[in-house]
Amino acid sequence: MADAKSEPVISLREVTAELGGRPVLRGIDLAVGRGEVVALLGANGSGKSTAVRTVIGQVPVTGGTIEIFGTPRRRFRDWARVGYVPQRTTAAGGVPATVTEVVTSGRLARARFGVLRKADRAAVTHALELVGMADRAKDSVSALSGGQHQRVLIARALVSEPELLIMDEPMAGVDLASQEVLAATLRHQVDQGASVLLVLHELGPLEPLIDRAVVLRDGCVLHDGPPPKAVGQHALPGHDHVHPHDADAAPVRTGLLT
Amino acid sequence: MEFLNYEFMQRALLAAALVGVTAPAVGIYLVQRRQALMGDGIGHVAMTGVGLGFLLSTSPVWMATAVAVVGAVAMELIRWYGKTRGDIALAMLFYGGMAGGVMLINLAPGGSNANLSSYLFGSLSTVSEDDVTAICLLAAFVVLVTVGLRRQLFAVSQDEEFARVTGLPVRALNLLTAVTAAVTVTVAMRVVGLLLVSALMVVPVAAAQQLTRSFAATFAIAVAIGVSVTLGGTVTSYYQDVPPGATIVLLTIGVFIVLTLLATPLARRRARASAARDAACTADVPGSRSASDEVTV
């Protein structure tokens, strides 16, 4: 699965960043290998969202280096290879837009001048089919539930046919049916060779997919390795999973993917 | 239709139609970014340009365009770099622009606030041949940007963070939006006036979205409303001797109210259809929004 020896698709070294003069990242190292699924965990305010937002260039770094597919982030131009799913709160416009219109905007990475060809429209339909939203293509996104909206945002990320997926809290506020669809979609992408960096509040139903977990606390890396044993709120009933990566034994899965 | 025989009316109607197209075309992106009042801010800043035009005896339209563009770019820069209280910085820009305009026009030889008034509230009958040329050129630029780059501007206005990851030049597109909005303000200045221009950018879009589910339809209907009210207002002001700017804005608000009333049963029917389709699903019932939820100006 994970090939740690190949060149990482994302590499952060000694990255520092601040928001409003307050240090949020205090020198973190983070690498995602080709085909690897890495979860970035931590409490609210630990800097996990800020870390992925430095990767996409939304938050400027004050020190350290970031490379995407081996290219320094500042010189990286090949954005069609990256699919990004932001936290759902950031994606609300003040004007109605249909599911198709929103997903099509993800295709601009490949349709550079905004001229859509047949292949682009087919890609939009295909991405909507992947997340099971093809029947809602002409509906306004504001008429969707939280989980359906999240599926649309994932379709928007997949429509450029990326090799690397970056997702910020994809399961937050998502109903059970949509969680299953999302987990299946993600597993399909991983099977096709995609690399994934996920920001998660807790491992939850995606746990069986995750190769490695990086835990942040107060802007520092606390843990980098197999997904951690449940502690704190992860130890609450319902999160008491057996970790399949801890042993070679056949994975015991208690999540949605069993 | 005898008003078509007068040359000043031909000029006025041409200018009005161009404003009817351009103001909603830019306004839709501002509403989408939830910066609906940006046009109002630019209008205030443009007043300094009008004052400067009088003082230097150059064309107030071109001077207002230049100052409005500088002001719009400044607002965009404040949005990027403003660490704290961006709204205070913007307020300074607005009121500085307005005070600057009043001051400069009074310094100009023979200038008084009476000259300013035709720019504040619009004065269609005094639109000159030169004004029409300027308005045509500026409107062509606005249409080129808002229609030609609609997919890019939609992406940036819908979700700036995501647009960055599609490789779009987000900063350049934001600046272009600001500049285009500034140009639109000066296009509309002679027709509805600087203080009312923002209404034509926002209200047709708000009215259109009472009926629509897609961005493309909202764009088309908003422009159709814009052209109807500007032409209708201009003709009304010819027959009734009422100020065109105020007539146009009141007509627009009237259209908004009528469409909102019409939209309530429409929204209810869509909600019912949507609920029926999802009847087998127990997780959620989408599409149950009421029309009043859609008034996002």
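GNM on chain B, alpha-carbon springs under 10 angstrom: the most fluctuating residue among B:P204, B:P169, B:P244 is B:P169. Angle check, please: helix B:86-107 long axis (alpha carbons) against the longest principal axis of chain B (alpha carbons), in degrees 0 to 90, nearest 10. The angle comes out at about 30 degrees.
With the helix formula -39500 (n - 2.57) applied to DSSP H stretches of n ≥ 4, chain B reaches a computed 222 nm mean residue ellipticity of -25500 deg cm²/dmol.
Couplings 3J(HN,Hα) for the stretch B:132-149, derived from phi with the Karplus relation 6.51 cos²θ - 1.76 cosθ + 1.60 (θ = phi - 60°), are 4, 4, 4, 5, 4, 4, 5, 5, 4, 4, 5, 5, 4, 6, 6, 8, x, 9 Hz, where x marks Gly and Pro.
Taking 7 Å steps out from each Cα toward its Cβ at B:C136 and B:T58 produces label points 2.3 nm apart.
Rounded to whole Å, the principal axis extents of the Cα atoms in the stretch B:7-279 read 73, 50, 30, largest first. Could you let me know the centre-to-centre spacing of the stretch A:114-136 and the stretch B:99-150, using Cα atoms, in angstrom? First find each Cα centre; the distance between them is then 44 Å. Using the Cβ of B:E76 as centre and a radius below 14 Å, the other residues enclosed give a net charge of +2, where K and R count +1 and D and E count -1. Between the C-alpha center of the stretch A:59-105 and that of the stretch B:36-71 there is a gap of 36 Å. Mean per-residue shielding of peptide A:133-146 is 4, counting Cβ atoms of other chains within 10 Å of each Cβ. Computed from label points 7 Å out along Cα-Cβ, the spacing between B:A220 and B:S117 is 4.4 nm. Residue order for B:L144, B:L211, A:L25, fewest other beta carbons within 10 angstrom first, comes to B:L144, B:L211, A:L25.
Over the protein assembly as shown, the alpha carbon radius of gyration divided by the compact-protein estimate 2.2 N^0.38 Å works out to 1.10. Across peptide B:148-157, the mean count of Cβ atoms from other chains lying within 10 Å of each residue's own Cβ comes to 5.
A short reminder: the numbers here are calculations on the coordinates, not readings from a lab. Since we're looking at a predicted model, the values are computed, not measured. Cβ: placed from backbone, ideal geometry, glycine included. Neighbour counts: every protein chain shown.
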